[in-house]
1. With region 4-100 as the region, which helices (runs of 4 or more DSSP H) entirely inside it contain at least 3 residues that are β-branched (Val, Ile, Thr)?
2. Of everything in region 7-44, what is of a type in the set (A, V, I, L, M) and under 15 Å from residue 86 (Cβ atoms)? Give them in sequence order.
3. Has region 29-39 got any residue that is surrounded by 12 or more Cβ atoms within 10 Å (Cβ to Cβ), at pLDDT below 95 and among the aliphatic types (A, V, I, L, M)?
4. For the subset of region 74-95 comprising residues that are among the aromatic types (Phe, Trp, Tyr) and surrounded by 13 or more Cβ atoms within 10 Å (Cβ to Cβ), which member is farthest from residue 24 (Cα to Cα)?
Amino acid sequence: MPPEKLAQLDPVIHSRIRLAILSVLISVKDASFNYLKGTVGTTDGNLSANLSKLEESGYISIKKVFKKKKPLTTCSITEKGRKAFSKYLKVLESYVSFKK
């Protein structure tokens, strides 16, 4: 496979944790920090760093509120994030060749 084809993969998404985060968020309206942490199976710090990277890229939005005096962080995928995730999947599919 030519190297330029591999370069088509979005480097922001092409990380195990960020790919897992977007895979969860694509199918829900929003998800809490703790839900993502449990689902993705990572630490607070690692999740926080990866969420920041996705937010900086405009792929997710992060909302912080207080619920019964406790902080609640929720994340949701943006339209830009949906498009980038869809493009990422199409590039991955182009790598897979099913020949009979």
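The values are calculated or read from the model by the stated rules, or taken from the named source; none is laboratory data. None of these values were measured; they are calculated from a predicted model. Neighbour counts run over all protein chains shown; Cβ positions are idealised from the backbone, glycine included.
1. Values: elements: 16-25, 33-40, 44-56, 79-95.
In region 4-100, 16-25 are the helices (runs of 4 or more DSSP H) which contain 3 or more residues that are β-branched (Val, Ile, Thr).
2. At the first step, the residues of region 7-44 found to be of a type in the set (A, V, I, L, M) are 7, 9, 12-13, 17, 19-22, 24-26, 28, 31, 36, 40.
Hits for region 7-44 are 9, 12, 13, 19, 22, 25, 26.
3. No, there is no match, as no residue in region 29-39 is surrounded by 12 or more Cβ atoms within 10 Å (Cβ to Cβ), at pLDDT below 95 and among the aliphatic types (A, V, I, L, M).
4. 88
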